[in-house]
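The values are calculated or read from the model by the stated rules, or taken from the named source; none is laboratory data. Quantities reported herein were computed from a predicted structural model and do not represent experimental measurements. For neighbour counting, all protein chains shown are included, and Cβ atoms are generated from backbone atoms with ideal geometry for every residue, glycine included. Surface accessibility is based on the protein's heavy atoms, side chains included, excluding ligands, DNA and RNA. Shrake-Rupley method; radii C 1.70, N 1.55, O 1.52, S 1.80 Å.
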Amino acid sequence: MIQWLLAGGGLLFAAFVVAAPAGETERVFANYENNVVQIRILDQESGSKSSIGSGFLAGSQGQVITNFHVVAELVHHPDQYRAEFLFENGESGALSLLDIDVVHDLALLKMAGSPAHYLTVSARQPAKGERLFSLGNPHDLGLTIVEGTYNGHLEKSLYEKIHFTGSINPGMSGGPTIDRDGAVVGVNVATAGNQLSFLVPASYVIRLLTQPHAEGEAADFEDLIRDQLLANQQQYLEKLLAQPFATLTMDHFKVPGRLANFLNCWGDTQKREDTLYERVFQSCSSSDDIFLSDEQSSGIIRYSHELYTSEGLGALRFFGFLERNFQVERLRLRSDEDMVGNYVCDADFVENKGLRSKVVFCLRAYKNFTGLYDATLMAAVFHGDGQLLQTNLALAGVSYENAVRFPRAYLEAIQWNP
Amino acid sequence: MESVIYGRESDEPAGERAEIAGFLEVLDRAGHIAQRVPLRNFPVRIGRAYDNDVILDDPYVSPAHLRMNRVGDRLVVEDLDSVNGLYRDRERRRVPRVELASGTELRVGHTRLRFRERSFTVTPPLVDLSARSPLLLLEKPLILALIYLLTLGWLALSNFLDSVEPLDPKRLVAELVPPVLGILVWSGIWAFASRLLTHRLNFLIHCGIACLGGLALSLTSVCLSYLAFAFNIDSLEELAQILVSTLLTGTVLYAHLRFCSPAPPRRLTATASILAVLACGLMLLETQVDRSDFSATPDYPTTLKPPAFQWTPSKSVGEFFTQAEALRDQTEAMSESEP
């Protein structure tokens, strides 16, 4: 699983070193280290650190780029926290929030004054295998440079990312990854351990730097986040809904299969010697999500199908077992109590193209992002007394229209194939 | 309660018997009659000594304490210079003599005495509901045996229905042990209470009550679950379960109490009802508290039965999601009601 690079996360050190021409890394570090800062989110009252990350100077007017997840607490609780930069030489100052790209996990901050130097951001796509240098402040241990290689863009991700082979660690979040000429190629964002690291492509940094932003204290970032999340879910769900669902076959059932390449699917058949039923399992999930807070992610789509076939259990025993399995509690999405309300559910019998099912549909609303919902659907599709298809669907962070439209299309895609 | 009657009449030939002028009743602390002595031949002497006509077993009573005599058509008691004296009704002043009327109460030592005339009108008889109570069936061994068999059968059947493995008789028997032990312990507690209060164990009867109660709870719970599925009223099932189990718990408590307390049925009904309603209130409160707490997962009970038990028409996918519109407003209420 991908892990966010907030300091305080898991320790993932690796002992792999990419060989570089002698002296090159030293040169890169010496030339560009003064463009990298540590970013600290401090509690207003006590002044103690709440979280730390990295960032870099990205413009002549004091623009600083970092990850949204580094400054998330400042966005959600502007009255409780403030942001500060700290150069390696000890120079520090206040930062104000200018703009956010929550979908790509970027934030644009501003320091007072005009710095003499800053990093240029390049839209150039490096060649696979090209050596890159990642800078940042892992675990608050001081500014560090990590060598690694560019390995293209992730193909199976809903949110575009660069695959960087190099050990970036918690605390380096928001730091730049640069080429040998000092041009920013990407922003450190996440790791899956063992040198498997991810960067936000520079093109999104350029967009964030150049687009007009609501300047000043009054900018309501929660509304901005909501609009970005709404636009994002509309875009990817629209794409999914535009074409007929790809289906796969489980015995005689046709069910939604791998609907897009950003979904990861796997399956299995379970048959234990001492039980009188068989279970065939298929599951798909978006491999990536959008960070909102430590407890809440958004932009997730996840579904699974379980086909149960009785092998002489008898209807009462078979359905007794299925009933214990048919519980909405299973549809767990990460939840931040401050962000979402409780679920409300509706259940009914539904008939579609000759297939009868019992459907439970649940919805919960986001508190601060009006118009965003998490939706879960659970259906038991009947076929006689000896077989049942249970299917579960969870969507995190969608509009009400899509919270209804997508489950509806999903349910309608389930068919019986004689 | 066995009361020993002390009186001169038993020594006399039947022919010489005088007419009974009334009764002297010795009352215990609760006001119940401990002795009732017919008054025939006067004077009647009352005291602790064995040569009295009425012997009172009270260390505060003098050997010869009172004398009762006929004066004209009235009866009069007089204090025979006793140590602790004679008192009338609840008065605090010692009196030398008291003229008796029906219902007059006397205090001597720590003993209460009451005089009743023969003409005293008793209250109408109580209707004995217990003689008609179906609970008396529990005293029949055949019926008890039937209840035990039914319970064991039901336990075995529901264990079997809950399993997904091939039938294994050894395991089926082993799974009966915990619920049977539970019933035995429960009945044991009630039997102990019976022994204390009525001097009878009634263990088998209490077992029968526990079995019947368990059977009824289990069967109604299954029926409610099927009804909830059949008519798609899952959300009402929890409430119905609580109400039905309150009713059944009350009935079971009443039955147990009937076999371990001599108190009148009305009082037992009240006790059982209060206990059951209290339990029901606590269960309801718990579900309400659960509901208002934040939960990361949906909290919605769902039933799933074989499709043949669906007794309500299906909706189309479109109708279902149109009906789900209502959820939108509910979620708004959910997320706004909290700070």
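Accessible surface calculations at 1.4 Å, restricted to protein heavy atoms, place the range A:225-306 at 44 Å² per residue. Sequence-distant contacts, meaning Cα pairs under 8 Å at least 6 residues apart, place the relative contact order of chain B at 9 percent. In peptide A:400-412, what is the residue-averaged number of other protein chain Cβ atoms found within 10 Å of each Cβ? Rounded to a whole number, the mean comes out at 3.
Each of A:H104, A:H252, B:H206 has its accessible area taken with a 1.4 Å probe; listed largest first, they run A:H252, A:H104, B:H206. Take every pair of alpha-carbon atoms less than 8 Å apart whose residues are at least six positions apart; their mean separation over the length of the range A:243-416 yields a relative contact order of 22 percent. Summary of packing: across the peptides A:136-143, A:165-172, the per-residue average of other C-beta atoms within 10 Å ranks them, highest first, as A:165-172, A:136-143. Interface size, chains A and B: roughly 5200 Å² of accessible area buried, both sides included, 1.4 Å probe, rounded to the nearest 100. When only the Cβ of Lys, Arg, Asp and Glu is charged (+1, +1, -1, -1), the dipole of the range A:243-416 relative to its Cα centre reaches about 400 debye. For the residues of A:350-362, the average number of beta carbons from a partner chain within 10 Å of their own beta carbon is 5.
Rank-order B:224-233, A:396-405, A:372-381 by packing density, defined as the average count of other C-beta atoms within 10 Å over each peptide's residues, highest first. Walk me through the intermediate numbers first.
Numbers: B:224-233: 17.8, A:396-405: 21.9, A:372-381: 25.4.
So the order, starting with the most tightly packed, is A:372-381, A:396-405, B:224-233.
Go ahead and estimate [θ] at 222 nm for chain A from helices alone: -39,500 (n - 2.57) per DSSP H run with n ≥ 4, summed, over the residue count, rounded to 500. The helix-only estimate for chain A comes to -5500 deg cm²/dmol at 222 nm. Using heavy atoms of the protein chains and a probe of 1.4 Å, the accessible area assigned to B:C223 is about 80 Å².
Compared with its chain on its own, the range B:200-249 contains the following residues whose accessible area drops by 30 Å² or more in the full protein assembly (probe 1.4 Å; ligands, DNA and RNA excluded): B:F229, B:N232. Against chain B, whose longest principal axis comes from its Cα atoms, helix B:234-258 is set at around 20 degrees. In a simple Cβ point-charge model (Lys, Arg +1; Asp, Glu -1; nothing else charged), the range A:326-374 has a dipole of about 240 debye relative to its Cα centre. With the solvent-accessible surface defined on protein heavy atoms using a 1.4 Å probe, which residues belonging to the range B:306-325 display a reduction of at least 40 Å² in accessible area in the multichain context relative to the isolated chain? Buried by 40 Å² or more upon assembly, which counts only protein chains, are B:P306, B:P307, B:Q310, B:S314, B:K315, B:V317, B:F320, B:F321. The fraction of accessible area contributed by carbon and sulfur in the range A:212-307 is 47 percent, rounded to a whole number (1.4 Å probe; ligands and nucleic acids excluded).
Working from Cα positions, state the angle (0 to 90°, nearest 10) between the long axis of helix B:169-198 and the longest principal axis of chain B. Relative to chain B, helix B:169-198 is tipped by roughly 20 degrees.
For the peptides A:383-395, A:42-54, what is the packing order when you average, over each peptide's residues, the other Cβ atoms within 10 Å and list the highest mean first?
Answer by packing, highest mean first, reads A:383-395, A:42-54.
When you restrict to C-alpha pairs under 8 Å that are six or more residues apart and normalise by the size of chain A, the relative contact order lands at 13 percent. Ignoring lysines fewer than eight residues from A:K128 along the same chain, the ones with Cα atoms less than 20 angstrom from its Cα are A:K156, A:K161. For the segment A:315-326, counting C-beta atoms of other chains within 10 Å of every residue's C-beta and taking the mean gives 5. Between the helical axis of A:315-325 and the longest alpha-carbon principal axis of chain A there is an angle of about 20 degrees. Note on B:E238: accessible area approximately 70 square angstrom, rounded to 10, probe 1.4 Å, nucleic acids and ligands left out.
Each Lys or Arg adds one and each Asp or Glu subtracts one; over the other residues with Cβ under 13 Å from the Cβ of B:D234, this totals -4.
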